[in-house]
Amino acid sequence: MNYLVIVPSYIPAYHYGGPIRSVASLNEAMVGEGHSVRVLTTNANGKERLNVKTGTIHEINGVEVVYFNRWTGDHSNFTPGLLWTLWKSAKSYDAIHLHSWWNLVIMPAVFICLLRGVRPVLSPRGSITKYTFNHQKSLIKRWVHRVFGKNLMKQCKLHVTSQQEAEDVNAYLKNPRLYLIPNLLELKPQMVIKNPDLDSLHLVYLGRIDPKKNIAFLLDVVLNDFNIPFTLEFIGDGDPTYVEAMKQKALTNTSITWSGPVYDDRKWLKLATSDILLLPSINENYGNVILEALSQGTAVLISDNVGLKEYVVENKLGWVATLQAAEWRRILRKAWAEKEELAAIRRNASSCIIRDFQRTELVNKYVTMYGEQLSKLD
């Protein structure tokens, strides 16, 4: 099969975090199973532009990628060259999959697909939530959604990654064509760590340092009335002003460190040598880092606003808590006092992830979604 993927940014634009990796992993898995994938994207990389040649095909891990020069900055990324290419080629693919929503790449791309008689797959990637409509340009987003956004989305096949995301979308769209398929990630085999340090509870946060991730809450948990030996490492970056404010909040506590972004085997080693991954997000449609941590046998403590919460609870791979600092402290104290639960998760989590997130099985689910007769407009 021959697929086209449209996304506002693509690797190596790791500035944008988890969605970049999950989109790339899906594309590479599709190629690995014998399909052809071409990506149309922009040279966006935060405030900067990627240093790549635009308008030509790059092969990245078997995937054909064409970068186009964006005319506007984050997060609009208006790119006429990409849209013109889509207009000319839309009918030559078996399916078109678009990722993201609130930008001038994806919205016009949906409109072009519909004009060309193609019903695309759209993955909103957590962009249709109560949080979205109440933060950052919320009035504009509500107006766009009411006037034309929801009508465009209803013409697509909508791909969501969790039951929580499905519920979020259903709250803002009537009778959407929904397909629930988890993210497909490239996960590393579990590292064997000898003689783990039991002198303190090793906690880790890995992701964007961003208000949506609730970093201030997490600092409040460990800086006030915690009373157990711990280390907490923040891995990732974000807006420099916000990052600096968080560092100042924890300035006097030497148990808290800030490592910046970490990639490749160093990232997997950080996860494997931690006791618990913390993810207190205000809103999170999925949470790739949860599966990454569990693949290394590391337990997770996440908020009840995270899409993978049901999976964590059902498989006893950690804890899900409301955003009450006292509740998080209680859970962490219990984990420190009763280390048998952490040891059990260390033994079992990796095999659980291998069982439930097989690449071939997930690719087949995506292919089935792409191939349904709704691909062309009725």
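The values are calculated or read from the model by the stated rules, or taken from the named source; none is laboratory data. Treat the numbers as computed from the prediction; the structure is a model and nothing was measured. Ideal geometry is used to build each Cβ from the backbone, glycine not excepted, and the neighbour counts take in all protein chains shown. SASA here: full protein model, heavy atoms, side chains in, ligands and nucleic acids out. Shrake-Rupley method; radii C 1.70, N 1.55, O 1.52, S 1.80 Å.
Find all pairs meeting these conditions: Cβ atoms under 9 angstrom apart; at least six residues apart or on different chains; first residue within segment 170-184 and closer than 13 Å to His159 by Cα; second residue assigned to a strand (DSSP E or B) and open to solvent by 30 Å² or more (accessible area, probe 1.4 Å).
Asn170/Leu178
Could you tell me whether Val313 is hydrophobic (A, V, I, L, M, F, W, C), free of Cβ contacts under 8 Å to residues at least 12 places away in the same chain and over 13 Å from Leu277 (Cβ atoms)?
yes
Quick check on segment 1-24: of everything there that is of a type in the set (Phe, Trp, Tyr) and outside any strand (DSSP E or B), which residue is surrounded by the most Cβ atoms within 10 Å (Cβ to Cβ)?
So the first thing to find is which residues in segment 1-24 are of a type in the set (Phe, Trp, Tyr), and the list is 3, 10, 14, 16.
With outside any strand (DSSP E or B) added as a condition, the list becomes 10, 14, 16.
On the way: Tyr10: 29, Tyr14: 16, Tyr16: 21.
Top of the filtered list is Tyr10.
Could you tell me how many of the residues in segment 35-60 are at pLDDT below 95 and under 24 Å from Thr360 (Cα atoms)?
Qualifying residue count for the region: 0.
Being farther than 26 Å from Glu28 by Cβ and either part of a strand (DSSP E or B) or among the small types (Gly, Ala, Ser) (or both), is that true of even one residue in segment 156-171?
Looking through segment 156-171, at least one residue is farther than 26 Å from Glu28 by Cβ and either part of a strand (DSSP E or B) or among the small types (Gly, Ala, Ser) (or both).
If I filter segment 25-42 for residues that are within 30 Å of Lys213 (Cα to Cα), open to solvent by 10 Å² or more (accessible area, probe 1.4 Å) and assigned to a loop (DSSP other than H, G, I, E, B), do I get at least one hit?
Scanning segment 25-42, I find no residue that is within 30 Å of Lys213 (Cα to Cα), open to solvent by 10 Å² or more (accessible area, probe 1.4 Å) and assigned to a loop (DSSP other than H, G, I, E, B), so the answer is no.
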